[in-house]
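Let me begin by presenting the structure, written as structure tokens, before commenting on it.
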Amino acid sequence: MATDARDTGLLALRLGVGAALTAHGAQKLFGLFGGHGLDGTGKFFDSIGFRPGKLNALAAGLGEAGGGLLLAAGLATPAAGAAAAGTMVVASSMHRDKGFFAQNGGYEYPAVLGLVAASLALGGPGELSLDAVLGHRANQPWMRLLALGSIAPAAALVFQRRKAALAATPVAEPNSPSEDAEVAGTAESPGA
């Protein structure tokens, strides 16, 4: 197996991006690195329309952690890259209203992670990878096309399910001042 600077660069890129994705997934799955685990992340996902929240948190965590670990190892690179990229498409959409730049809460960071993951799926992991050791059995050209072609339909399904969940959620009407007082337990009883 002959390696060159390209292979070393791909290894560094896979390790760096794979580690970042894995850490984000571990936050969702296990509560590591200041994360909230499946329960906390599931509640948050429920609140923003990704229902059932815990199942969606599991899917996002596996897309990030599983995709990240596989990318770092350079194993099943097309599937790993597509899983991570698909997760980042959905994550990016949640930041769209804040613009591009990350310092404003924008979609820059998940978009870059997704682009790198998709690029690795398309271009391959290089020779310093488990895919290369295994003769690229899980890194075939047809697999790249299938994996990358699945991102848009999968993301569209997630978006459609979220839209339906949000549409089914009644919008809370603002309370009148007397209702607010009753809720707070300060309303005067009639005839007092």
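What follows draws every value from the coordinates through simple rules; no lab data is involved. All values derive from a computational prediction rather than experimental measurement. Counting neighbours? That spans all protein chains shown, and the Cβs are built from the backbone with ideal geometry, glycine included.
Worth pointing out:
- The 3J(HN,Hα) values that the Karplus relation (6.51, -1.76, 1.60; θ = phi - 60°) gives for region 115-122 are, in residue order, 5, 5, 4, 5, 5, 5, 4, 6 Hz. Gly and Pro appear as x.
- Range in the chain, longest, excluding exposed chymotrypsin sites (Phe, Trp or Tyr not before Pro) [loop by DSSP; at most 16 other beta-carbon atoms within 10 Å]: 102-192
- Separation of the residue 115 and residue 94 label points, Cα + 7 Å toward Cβ, nm: 2.1 nm
- Karplus-derived 3J(HN,Hα), 6.51/-1.76/1.60, for each residue of region 47-55, Hz, glycine and proline x: 5, 10, x, 8, 10, x, x, 5, 5
- When only the Cβ of Lys, Arg, Asp and Glu is charged (+1, +1, -1, -1), the dipole of the chain relative to its Cα centre reaches about 700 debye.
- Correct choice for Rg/Rh (Cα atoms, Kirkwood Rh) that was computed from the model, options [x] 1.18; [y] 0.98; [z] 1.01: [x]
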